[in-house]
Amino acid sequence: MRMKVSLRGRDGGFTLIEVMVVIAIIASLIGATSLMLNISQRKRDLTTSKSTLDAIGIALEQLKSADQLGRYPPTQIGKLTFSGFDGSKFGGQPNATNIGIETLFVVFRLPGITAKPSGIEESALSNTDGDNALTPVGNLAKSDLFEYVDAWGNPLVYISASDYKDASKVADYVLMNGQTVKVEPKKNEKTGEYVRSDSFQLLSIGPDATPGTEDDIFYGVM
């Protein structure tokens with residue numbers, strides 16, 4: 001007479017193989033959930049960074065009106081002249097980094113300038129290079145030279161078209177981890193011409209924090 005062999009123990013508990021299968025399934029579910037959360041977070045970060053770029057870009061377009069600057073801002077504060085403001089006497093940008101985006105921070109706070117990036121939260125401002133102007137910034141009572149930053153905490157990049165051909169003085173950017181990178185104006189791969197050759201380039205160097213790679217995010221560039 002044959003006896004049937006059960007995979008379960010006499011007490012009805014699970015065998016080692018069954019426990020290992022359950023652990024493997026749980027581990028797979030945790031891994032899949034983690035992957036989905038990472039993808040979702042990446043999408044949120046991209047959306048946030050694009051929204052910040054759009055808000056600043058739209059405000060820059062508004063600066064062109066006659067009752068504002070009447071033009072796009074220069075990359076360097078020292079070259080900025082406006083009613084009641086002389087950039088050459090402002091105190092400059094002492095460490096020569098994050099220059100373009102710091103200039104925008106100052107411009108949007110000048111008395112008489114009503115064009116402002118809308119919907120930008122305080123989390124989109126940082127002072128990654130830790131510098132200060134010698135005089136108070138615009139209509140603020142403090143001299144911190146803040147930068148607009150992307151969702152990964154790195155400063156956005158602003159370069160005026162007038163500096164495309166010689167961007168050596170405005171291309172150094174300090175990231176949130178203290179690393180300094182050099183950003184070059186983007187060129188059209190087919191024509192070799194500078195992108196947005198008559199205005200400015202405004203961008204995030206993307207989640208990889210490396211300029212000139214495919215994940216860079218540009219305002220006004222498809």
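At a probe radius of 1.4 angstrom, the accessible area of the range 61-121 per residue rounds to 44 square angstrom. Each residue, Glu61 and Leu16, gets one label point 7 Å from its Cα in the Cβ direction; the gap between the two is 6.8 nm. Treating each Cα of the range 46-108 as an identical point scatterer and summing with the Debye formula, the log10 of I(q)/I(0) at q = 0.14, 0.19 Å⁻¹ comes to -0.44, -0.75.
From the alpha carbon centroid of the range 34-68 to that of the range 130-198 is 16 Å. The lysine pair tally for the range 61-174, using Cα distances under 22 Å and a gap of 8 or more places or different chains, is 10. Computed across the range 140-192, the Kirkwood hydrodynamic radius from all distinct Cα-Cα pairs reaches 13.0 Å. Per-residue ellipticity at 222 nm from helix content only, as computed over the chain with -39500 (n - 2.57) for each DSSP H run of at least four residues, stands at -9000 deg cm²/dmol.
If the chain linking Lys43 and Ser197 were pulled fully straight, counting 0.36 nm for each residue of separation and taking away their Cα-Cα distance, it would gain 52.5 nm. What percent do you get for the relative contact order of the chain when only Cα pairs under 8 Å and 6+ apart count? 17 percent. Note on the chain: semi-axes of the ellipsoid equivalent to its C-alpha gyration tensor, largest first and rounded to whole Å, are 52, 19, 15. Note on Ile23 and Glu214: the model spin-label points, each 7 Å out from Cα along the C-beta direction, lie 3.8 nm apart.
Between the helical axis of 16-62 and the longest alpha-carbon principal axis of the chain there is an angle of about 10 degrees.
Normalised by residue count, the range 16-140 yields a Cα convex hull volume of 131 Å³ per residue.
If you look at the Cα atoms of the range 104-167, you get an Rg and a Dmax of 12.8, 36 Å. When the chain is treated as a GNM, springs tying every alpha-carbon pair under 10 Å, which of Lys50, Lys169, Lys190 comes out with the largest mean-square fluctuation? Greatest mean-square fluctuation among the candidates belongs to Lys190.
The values are calculated or read from the model by the stated rules, or taken from the named source; none is laboratory data. Because the structure is predicted, anything quoted here is derived from the model rather than measured. Because the Cβ atoms are built from the backbone with ideal geometry, glycine has one as well, and the counts that use them run over all protein chains shown. The accessibility values were calculated without ligands, DNA or RNA, using every heavy atom of the protein model including side chains. Shrake-Rupley method; radii C 1.70, N 1.55, O 1.52, S 1.80 Å.
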